[in-house]
1. In deg cm²/dmol and to the nearest 500, what is the mean residue ellipticity at 222 nm of chain B if only DSSP H runs of at least 4 residues count, each as -39500 (n - 2.57), divided by the residue total?
2. Kindly compute the accessible surface that chains B and A hide from a 1.4 Å probe when together, both sides summed, and give it to the nearest 100 Å².
3. Taking chymotrypsin sites (Phe, Trp or Tyr not before Pro) that fall in a DSSP loop and have at most 12 other Cβ atoms within 10 Å as cut points, what is the longest piece of chain B between them?
4. Can you list the GluC sites (Glu not before Pro) in the range B:92-129 that are in a DSSP coil and have 14 or fewer other beta carbons within 10 angstrom?
5. Once Rh for the range B:334-484 is found with the Kirkwood sum over Cα pairs, what is the Stokes-Einstein diffusion coefficient at 37 °C and 0.692 mPa s, in µm²/s?
6. Ordering B:E273, B:E56 by accessible area with a probe of 1.4 Å, largest first, what comes out?
7. Using only the Cα atoms of the range B:365-449, build the gyration tensor, take square roots of its eigenvalues as a ≥ b ≥ c, and label the shape rounded, prolate or oblate: rounded if a/c is under 1.5, else prolate if a/b is larger than b/c, else oblate.
8. In whole Å, what three semi-axes, largest first, describe the equivalent ellipsoid of the protein assembly as shown built from its Cα gyration tensor (square root of 5 times each eigenvalue)?
Amino acid sequence: MPDTTATTATTAPVYAAPVFLDTAPAPLPTPQTLSRRRNVVRQLGRFVAFNVKMIGMILHGAH
Amino acid sequence: MSRIVILGAGIAGHTAAMHLSRWLRRGHTITVVSPQADWNWIPSNVWVGVGRMRPEQVTFPLAPLYQRRGIAFEQARATVLYPEGTADDPTPQVEFQRTGPERDGETGRIGYDYLVNATGPKLNFAATPGLGPDGHTVSICTAAHATGAAQRFAAAVARVQAGEHLRFVIGTGHGTCTCQGAAFEYTFNVEHELREAGLRDRAEVVYLTNEADLGDFGVGGLAFTDRGYLTSSKLWTESLFRERDVRAITGAGVTEVTPTAIRYEQLDGSFHELPYDFAMLLPPFRGVGLTVLDRSGADISDRVFNPGGFMKVDADYAAKPYGEWRAEDWPRTYECAAFPNIFAPGIAFAPPHAISQPRQAPDGTVIAPAPPRTGMPSGVMAHAVAETIRDRVLGRTRPAHHASLAEVGAACVASAGAGFRHGSAASMTMYPVVPDRHTYPATGRHPRGNFGEIGLAGHWVKYMLHFLFIWKAKGRPFWTLIPE
Ligand SMILES: Cc1cc2nc3c(=O)[nH]c(=O)nc-3n(C[C@H](O)[C@H](O)[C@H](O)COP(=O)(O)OP(=O)(O)OC[C@H]3O[C@@H](n4cnc5c(N)ncnc54)[C@H](O)[C@@H]3O)c2cc1C
């Protein structure tokens, strides 16, 4: 078998500086949204709602 | 009398062992072979990794529990399967090497009628030079790794407190990694801790991922309804990154980690170098590398495992282009294709293909997430496998129980910071895990099965699940009422 490795020139890659994703077009939550996400009373309701969702999915997926 | 041997005491193996031990009480033996003495609730390792929890809070010793439940426990690593027995003994058997403190290195064999291969992943840090705790980055994949990560994180925080500006990089350490959810969680927990400590202005947090888009999570992303719009997990995740000022690099396959920089290739073929001060990068996963020998001693591992070391089960493994992937390709019963008395639930089974769209750089380097098999589906698969084995042991002539990822859903609660008042998490549900474009043509998933929300309630859910699942794993009263 011919030795292919001997003739393969491996050029080391040139490493450029990192390029970060531009997230500026993504929606930014308003202060009201952020406060809703932290509001204990509202979040208690969301806690119950998410648990109901999970239970629904478990029952739906049960075989 | 039947002998059931379970390899691995993680989420899948332990679930199977616990259920079988309540269904098959008299005359049958259940043996768990696993190299670690402790069970680990891996999802909470994220909090160990930032110093919010101690390793004892996420682990407990298996031996006393198994003794109480009549399960035999071999603290050992399985090495060789003899599914046809040997030349002298036709009993199917497993060879193992003990790992416990007293008999470390000793080998042994155990015969079985049914075998559950729930050995999960081998953390393949060797795939990327410099990756992992023996290299230059930390990991949170085991409780011990997470403890090491917490120490290095505390040291980095101390440097920021002393006035230095540091870069914290978290993400995937190879182009083919899975489990992006864990990296996402650790990113936002690190960010949260730095913010709570008043150090955020001197700390840059970067998420480096092999996902082509944020919010892919290895499942091709999600679409869900939000305030009357069908929105994507991409937009939703980008919004969180923008809000918390976390920088992101997507479509990146890490090729090397040096003591000061992470080198990676991107999907457009460009190579980059990212200097860092603290880095937690997940490894790619492989199967744990069991050998399979036939009666004559010939190696038949490739009949049982795919090249990645994952067990071939009842899936359609025919190679086909992305556009032709079907929900029915995915396994339903996890019965080994070559030996129907062997099953492989959890990460141990070979997926027929990815879930996210396959992508590669111009030079052919694959940069695309492998399919995740997260905790909830792993438990559901193991439950189904345990039911099938129970029926066969008890002589019930029923079809095998099924739990295809194309017919089960998953709830994912991705922590974005711990704290009873200031914590938060992204709570998501998806149904089914593998998109089924035939049944749900619009998005591949049930219109009401997908859901996403960020808030304090998510943290409470994640914290509650921590206690519930450890309660269940310990077999405490009413544990069977807690679903997988
Ligand atoms: C940091 C992190 C965070 C995560 N967070 C979440 C989350 O929030 N939610 C979620 O749903 N999922 C999460 N996951 C994924 C979840 O942990 C896995 O899906 C789940 O653990 C898979 O279960 P398993 O039983 O297949 O594998 P494991 O739980 O890994 O168990 C494998 C078992 O096999 C044993 N073993 C290994 N080799 C051998 C051998 N040769 N012989 C015998 N035994 C062997 C291991 O010691 C272990 O006991 C997370 C994963 C990570 C790494």
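The values are calculated or read from the model by the stated rules, or taken from the named source; none is laboratory data. Note that the structure is predicted; figures quoted are calculated from it, not measured. With ideal geometry, Cβ positions are generated from the backbone for all residues, glycine too; neighbour counts draw on all protein chains shown. Surface accessibility is based on the protein's heavy atoms, side chains included, excluding ligands, DNA and RNA. Shrake-Rupley method; radii C 1.70, N 1.55, O 1.52, S 1.80 Å.
1. Numbers: 9 runs with 113 residues, N = 484.
Helices in chain B give a 222 nm mean residue ellipticity of -7500 deg cm²/dmol.
2. Interface area, both chains combined: 3800 Å², rounded to the nearest 100.
3. With chymotrypsin sites (Phe, Trp or Tyr not before Pro) excluded where exposed in loops, chain B gives B:1-419 as its longest stretch.
4. Working: sites: B:E95, B:E102, B:E106; in loops: B:E102, B:E106.
In loop regions of the range B:92-129 (DSSP not H, G, I, E or B), the sparsely surrounded GluC sites (Glu not before Pro) are B:E102, B:E106.
5. On the way: Rh = 17.9 Å.
Answer from the Stokes-Einstein relation: 183 µm²/s.
6. Numbers: B:E273 60, B:E56 110 Å².
The ranking, largest first, comes out as B:E56, B:E273.
7. Numbers: a/c = 2.15, a/b = 1.52, b/c = 1.42.
Since a/c reaches 1.5 and a/b is larger than b/c, the shape of the range B:365-449 is classed as prolate.
8. Details: eigenvalues 271, 159, 115 Å².
Its equivalent ellipsoid spans semi-axes of 37, 28, 24 Å.
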